[in-house]
């Protein structure tokens, strides 16, 4: 690949109800010393991380997504738990995890197939897990204990739109720039 590389991902925004839920969780766990909280403006569910792509690839990707996603039906995801991840033995993040669904897996697979048309070397990540990163762990050997009420009513969100974002890495926290949105049926 030649030219400037842009870090790109496809994701979905969260409804206000979940923002409220996560802010409440952070207030209840604000004393955790081993975490660096992610700014609320960066909360999203990543559906597919493309990685570094060129401007030429970005134009082709947008066209492929527009055509490839026009017949995809929206679906729901249910918040399962807030937990350390990706591994509990040596966690690097604190995630709000959603239950995997066949619809989510099929969407990820469809996007991967589309992306292979412009980047045939792209490797498929194993078993994508829908989640929101709420914090990064500063001390994986002792992340602390989290407090999340177990009597929460199930929280479901409707996935009806996907957004293509550019991730710009800064020293403090990444900045996400919205490139384009795609409506699902």
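If you go through the stretch 19-36 one residue at a time, do you hit one that is farther than 19 Å from residue 146 by Cα, in contact (Cβ under 8 Å) with a residue 40 or more places away in the chain, surrounded by 13 or more Cβ atoms within 10 Å (Cβ to Cβ) and touching a strand residue (DSSP E or B) at 6+ places or on another chain (Cβ under 9 Å)? So that I can check it myself, show each step before the final result.
Filtering the stretch 19-36 for residues farther than 19 Å from residue 146 by Cα gives none.
No, there is no match, as no residue in the stretch 19-36 is farther than 19 Å from residue 146 by Cα, in contact (Cβ under 8 Å) with a residue 40 or more places away in the chain, surrounded by 13 or more Cβ atoms within 10 Å (Cβ to Cβ) and touching a strand residue (DSSP E or B) at 6+ places or on another chain (Cβ under 9 Å).
At pLDDT below 80, outside any helix (DSSP H, G or I) and either out of contact with any strand residue (DSSP E or B) (no Cβ under 8 Å at 6 or more places or on another chain) or surrounded by 15 or more Cβ atoms within 10 Å (Cβ to Cβ) (or both), is that true of residue 173? Outline the logic, then answer.
Working: at pLDDT below 80: no; outside any helix (DSSP H, G or I): yes; either out of contact with any strand residue (DSSP E or B) (no Cβ under 8 Å at 6 or more places or on another chain) or surrounded by 15 or more Cβ atoms within 10 Å (Cβ to Cβ) (or both): yes.
No, not satisfied.
Return the residues of the stretch 60-81 that are at pLDDT 95 or above and either over 25 Å from residue 97 (Cα atoms) or exposed (fewer than 12 other Cβ atoms within 10 Å of the Cβ) (or both); say none if nothing qualifies.
60, 61, 62, 63, 64, 65, 66, 67, 68, 73
Can you pull out the strands (runs of 3 or more DSSP E) entirely within the stretch 41-136 that have at least 2 residues that are over 18 Å from residue 18 (Cβ atoms)?
Details: elements: 45-53, 75-85, 93-98.
It comes to 45-53.
Would you mind finding the one in 115, 98 that is in contact (Cβ under 8 Å) with a residue 24 or more places away in the chain, over 13 Å from the mean Cα position of the chain (by Cα) and buried (at least 17 other Cβ atoms within 10 Å of the Cβ)? First the steps, then the outcome.
Values: 98 fails: over 13 Å from the mean Cα position of the chain (by Cα).
Among 115, 98, only 115 is in contact (Cβ under 8 Å) with a residue 24 or more places away in the chain, over 13 Å from the mean Cα position of the chain (by Cα) and buried (at least 17 other Cβ atoms within 10 Å of the Cβ).
The values are calculated or read from the model by the stated rules, or taken from the named source; none is laboratory data. As the structure is a computational prediction, the values presented were derived from the model and not from experiment. Don't worry about glycine lacking a Cβ; one is built from the backbone with ideal geometry, like all the others, and counts go over all protein chains shown.
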